[in-house]
Every structure is written in structure tokens, then in C-alpha cells.
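To start, the structure under review is shown below, and the notes come after it.
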Amino acid sequence: MTSESRTQPEKSSSWTAPAPAPTQTIFTDDALDPVYQAKAQILNEAIQDIGMGRYQWGLFVVAGFGWLADNLWPVVTGLILAPVVNEFDFNGPFLKLGQNIGLLVGAVFWGVGSDIWGRKISFNITLLLTAIFALAGGGSPNFVALSSFAAVWSIGVGGNLPVDSAIFLEFIPASHQYLLTVLSIWWALGQLLASLVAWPLIGNYSCALTTPPNCPRSANQGWRYFLFAMGGLMFVLWGIRFFIFKLYESPKYLMGRGQDELAVEVVHRVAQYNGTTSRLVLEDLAKAGDLEFNNGKEMDTSARAAVARNLASFDAGHVKSLFATRKLAYSTTLLIILWGTVPVLVTVPLSLIVSPLAFIGLAFPLYNSFVTYYLATRGADFGDGSLYITYRNLFSLDTWWNYQYSGDVELLHYPLASRSLLSFTSPADRFELALTGVFILVSTTARTSNALLGWNCAYSFTSNVMYGVLYAITPELFPTKDRGTGNAIVAAANRVFGVMGV
């Protein structure tokens with residue numbers, strides 16, 4: 001225990017959360033570990049009692065780096081695809097395949113690993129791993145090496161959201177957990193930043209697209225400079241996380257591993273950092289062992305139990321609950337479809353004609369992975385394009401994308417706008433969904449680079465409303481006690497079909 005923990009006043013340990021956001025304990029008959037649940041509730045109320053302060057706002061920034069990286073790096077491989085294919089003369093989708101396999105492995109490895117060795121280690125390693133192999137990728141001598149490096153840096157990228165969202169929520173009071181949605185602003189910023197840096201580097205230091213390719217390495221350094229820049233950025237962000245921001249291990253993780261004293265110490269250190277105090281004492285957690293439904297059993301604090309708590313959402317009972325009624329089964333199935341499949345792919349350049357509902361699993365990787373290559377090759381065919389114009393247009397598209405996406409996130413915090421956006425049943429919503437597919441279909445009729453940009457901006461306008469809303473509405477459509485299972489299933493569908501999509 002630290003000095004501030006020992007000298008804190010002895011106050012009653014009966015917790016009452018502040019009125020604006022009272023915490024709730026939802027104990028169910030199938031609770032995996034009721035003692036853990038009770039202790040977690042005590043820690044939740046302790047964090048709520050501290051309130052939102054300097055530590056949480058700092059965590060909002062450094063956790064946002066993970067959101068930024070999660071969208072930046074999938075976009076990076078799309079941005080370098082055209083000059084890389086021009087130089088190495090290989091089948092471009094192999095680069096995206098390596099990336100998506102890495103993302104899938106990273107999400108599973110770091111998500112489960114953070115329950116074994118702790119959130120802090122995973123939080124501090126993911127960006128470093130990304131930085132190291134991105135810089136190495138910039139020196140790739142061939143496409144096999146580049147695809148391999150992309151797979152490894154994507155293992156680091158894939159771990160950002162599972163780990164960062166967990167540690168963010170475990171330090172944020174209930175009154176401010178809506179900030180998890182606001183973190184999406186960082187995600188949108190990642191795409192804009194990538195296209196902004198790629199514009200001058202790849203646009204000015206790359207070979208012209210020719211058939212057959214004639215592109216020596218000496219004349220095609222732009223994509224390498226770009227990888228060096230993005231890898232260097234990851235090093236800077238990692239340095240801020242590791243050297244400037246003092247991250248404490250999650251109190252819930254420490255408690256789950258039987259280190260109640262350290263968990264209480266972390267809560268008091270966060271309170272001290274915020275310039276306040278906490279009433280939490282070690283005895284509060286000890287009393288949780290006296291709960292009637294515990295029947296004298298002690299909480300399992302092994303690494304295996306920690307993983308089991310994380311994987312408890314895959315219990316067959318939870319899965320069955322998602323399909324318990326006809327309406328719930330329809331809702332769950334539709335969400336899996338929206339997140340994973342339902343593409344109507346037509347054999348056209350880029351295979352870019354998709355059904356209006358295929359936003360995430362297959363359609364999103366297909367569109368964002370190959371849109372740069374598509375704009376570049378179409379511009380060459382039109383005779384009015386160049387790589388500089390391609391990346392200029394892409395930056396314009398991403399700027400519009402960010403403006404629209406940020407507006408959608410902000411509107412979700414207003415009840416009237418939120419209810420309107422989250423409704424998929426009105427004629428206006430159906431019309432907007434239909435327009436998304438129409439715009440991407442009609443874009444294939446463009447005969448100039450400016451016309452192609454215009455149609456893609458129109459597509460971005462309509463698709464981003466549904467894209468942002470889908471993130472917000474998905475958890476709300478699952479029963480509370482089965483929400484973890486539902487989120488895990490749709491996330492798995494997203495990653496698996498992301499691999500299949502390329």
C-alpha cells in the first residue's frame with residue numbers, strides 16, 4: 001500500500017454512486033464468478049466516486065492512439081498498393097491478405113493475452129510492434145517480404161481495440177463511458193492523416209503507371225518514405241504512451257488475479273493524480289467474500305480463470321439466448337450479416353459493386369483496400385490522371401469522410417437525432433441505404449477523374465451515416481447479459497470475412 005492509501009480516512013464502505021450516473025450490479029443465476037462480479041462492482045463505484053479527471057482525459061488521448069492506428073494501417077496498405085504493384089509486378093490482394101490475417105491473429109492474441117499477463121504490457125507493446133515492422137517494411141526487397149512485414153505489423157494493430165477499449169472502460173466512470181463512442185473520432189483521423197502524408201510523398205516520388213510496368217526501385221521511393229513516416233509516427237505515439245503518460249495496471253485485472261491490495265493502491269493513485277481522494281479500503285473488497293451466494297467458495301485468481309472470465313461470453317447458453325425468440329433471432333442474424341457478409345459482388349474493376357447492406361466485413365475492406373488503386377488506374381485510362389492527382393483526390397474524399405463521420409458521432413449524443421439515425425425502418429432510411437448502392441454502382445460510369453471523385457463523395461455521404469450508426473446500435477440490440485457474446489460474434493464475423501474479402 002502507498003502512503004496515501006494508508007493515511008486515507010476510515011470511512012464507511014457502503015457505496016452510493018453519484019446521482020448523475022448510478023452504477024448497477026446485474027447478478028444472474030449463471031454468473032461465472034459472483035465474488036468477482038461483486039468486487040468489480042465495488043471498483044466501478046470507487047472509480048465513479050473519483051469522477052472524470054486528469055488521468056482519464058490523458059487516457060482518452062493515449063487510448064485514442066490505438067483507434068488511430070486501427071484505421072490508419074489498413075488504409076496504409078491500400079495507399080501503397082498501386083506503386084508497390086507497379087514496382088514488384090505481383091498480385092496485389094496478397095498484400096491485403098497478409099494484413100487481414102495479421103489483424104485476426106492480433107485481435108485474438110492480445111485480447112486473450114491481456115487477461116493472462118495484464119492490460120498494461122499489451123497496451124505498451126502493440127504500437128511498438130507496429131512501428132518496428134513498419135519501418136522494416138519500408139526496406140522490403142520484394143513483395144513476399146513486404147507482405148510478411150505487413151502481416152506482423154498487423155498483429156500489433158489488431159490488438160489495439162480489444163486492449164485499449166478494455167483498459168479505457170475500466171478506468172472511466174459510468175457517467176463518462178459515452179466517451180468510448182467519441183474515441184471513434186481518433187479512428188476517423190487515422191484515415192485522414194494517412195492520405196494527407198501519402199499525397200506529397202507517394203504522389204511526387206513514384207513511377208508513372210504504365211503497361212507493362214517499368215518501375216525501378218530508385219524511381220519509386222515514395223511508398224518507402226511513406227512507411228518510414230508512418231512507422232516513425234507509431235514510435236512517437238508509443239514513446240508518449242511509455243515515457244510521458246503513467247499508465248497503471250487495471251484495478252479489475254489486479255483484483256481478478258487476487259492482488260486486491262494493489263488494486264486498491266491503483267485506485268488511490270488515480271485519485272491522487274486527479275487531485276482528489278478515494279474512500280476505498282481493502283476491507284471493502286474482502287467483504288465481497290461474505291456474499292450469501294458465494295457458499296464459502298473463494299474466487300479463482302489463476303490465469304486460467306482470468307481467461308475463462310473473458311471467454312465466458314461464448315457459453316452456449318449465452319449464444320442460445322441471442323436466438324431465443326423469432327424476433328431476436330432475426331435481429332441477431334441480420335447484425336451478423338451486416339457486419340460480415342451479404343456482398344453482391346459483380347465482376348468489374350475492383351469488384352466494387354456491393355449491395356447497400358454490405359458495409360463492414362467484406363465491403364469495407366474491399367472498398368478501402370483498393371479504392372486508391374482503382375482511382376489511379378481509372379485516371380490513367382481516362383488520360384486525365386496521375387499519381388499526384390489520385391492522392392489529392394483521395395485526400396479530398398477522406399476529408400469529406402471525416403467531416404461526415406464526426407457529425408454522425410456527435411449527433412448520436414442527442415436523443416432525437418439518435419432515435420432518427422438508429423431507425424432503419426422509415427422510408428427515408430431505406431432510400432438512403434439504396435442510394436449507397438446506387439452511387440457506388442453509378443461511379444463505374446464515370447469518364448473523368450473528377451466525375452469519379454464526385455460519385456465516391458456521394459457514396460461516402462450516405463454510407464457513413466449507416467456505418468457510424470451500426471457501431472452504436474449493435475450493442476443495444478443484444479440482451480444485456482448476452483451483450484458480450486453478441487459483440488464477440490459480430491466482431492469475429494467482421495475479421496473472418498475481412499480475410500475472405502481479399
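Does F171 qualify as being in contact (Cβ under 8 Å) with a residue 12 or more places away in the chain and open to solvent by 50 Å² or more (accessible area, probe 1.4 Å)?
On the way: in contact (Cβ under 8 Å) with a residue 12 or more places away in the chain: yes; open to solvent by 50 Å² or more (accessible area, probe 1.4 Å): no.
Spelling it out, it is not the case that F171 is in contact (Cβ under 8 Å) with a residue 12 or more places away in the chain and open to solvent by 50 Å² or more (accessible area, probe 1.4 Å).
Conditions first: (1) open to solvent by less than 20 Å² (accessible area, probe 1.4 Å); (2) within 30 Å of M255 (Cα to Cα); (3) not acidic (D, E). K120 passes all but one, so which condition is the exception?
For K120, the failing item is (1).
Among the numbered criteria (1) open to solvent by less than 20 Å² (accessible area, probe 1.4 Å); (2) modelled with pLDDT under 75, which single criterion is violated by A434?
The number of the failed condition is (1).
Being open to solvent by 30 Å² or more (accessible area, probe 1.4 Å) and touching a residue at least 60 places away in the same chain (Cβ under 8 Å) is the requirement here; does F245 meet it? Walk me through how you get there before you give the answer.
Working: open to solvent by 30 Å² or more (accessible area, probe 1.4 Å): no; touching a residue at least 60 places away in the same chain (Cβ under 8 Å): yes.
Here the answer is no, as F245 does not meet what is asked.
As an exercise: evaluate T210 against (1) open to solvent by 50 Å² or more (accessible area, probe 1.4 Å); (2) at pLDDT 95 or above; (3) not aliphatic (A, V, I, L, M) and give the number of the one condition it does not meet.
(2)
Quick one: in the range 54-106, which of the residues that are in contact with a helix residue (DSSP H, G or I) (Cβ under 7 Å, 6 or more places away or on another chain) and not in a helix (DSSP H, G or I) is surrounded by the most Cβ atoms within 10 Å (Cβ to Cβ)?
Taking the candidates together, the pick is G92.
So the check is Cβ under 6 Å with 6+ separation or different chains; which pairs have a first residue in the range 367-387 that's closer than 13 Å to P83 by Cα and open to solvent by 50 Å² or more (accessible area, probe 1.4 Å) and a second one that's in a helix (DSSP H, G or I) and of a type in the set (A, V, I, L, M, F, W, C)?
Final answer for the pair search is Y373/L81; Y373/A82.
Give the residue that is modelled with the lowest pLDDT, with candidates limited to residues of the range 183-206 that are closer than 13 Å to F60 by Cα and crowded, with 19+ Cβ neighbours inside 10 Å.
Applying the first criterion (closer than 13 Å to F60 by Cα) to the range 183-206 yields 183-187.
So of that shortlist, the ones also crowded, with 19+ Cβ neighbours inside 10 Å come out as 183-184, 186-187.
Numbers: L183: 85, S184: 79, W186: 89, W187: 83.
Among those that are closer than 13 Å to F60 by Cα and crowded, with 19+ Cβ neighbours inside 10 Å, it is S184.
Taking only pairs six or more apart or across chains, which ones have beta-carbon atoms under 8 Å, a first residue in the range 41-58 that is within 11 Å of Y273 (Cα to Cα), and a second residue that is of a type in the set (S, T, Y) and outside any helix (DSSP H, G or I)?
As it stands, the answer is I50/T276; I50/S278; G53/T276, since those pairs meet every condition given.
Can you tell me which of (1) aliphatic (A, V, I, L, M); (2) within 18 Å of the chain's Cα centre (by Cα); (3) buried (at least 23 other Cβ atoms within 10 Å of the Cβ) is the one L180 doesn't meet?
Result: L180 passes all but (3).
The values are calculated or read from the model by the stated rules, or taken from the named source; none is laboratory data. Just so you know, these numbers come straight off a predicted model, no measurement behind them. All Cβ positions, glycine included, derive from the backbone under ideal geometry; neighbour counts span all protein chains shown. With ligands, DNA and RNA removed, areas are computed over all heavy atoms of the protein, side chains included. Shrake-Rupley method; radii C 1.70, N 1.55, O 1.52, S 1.80 Å.
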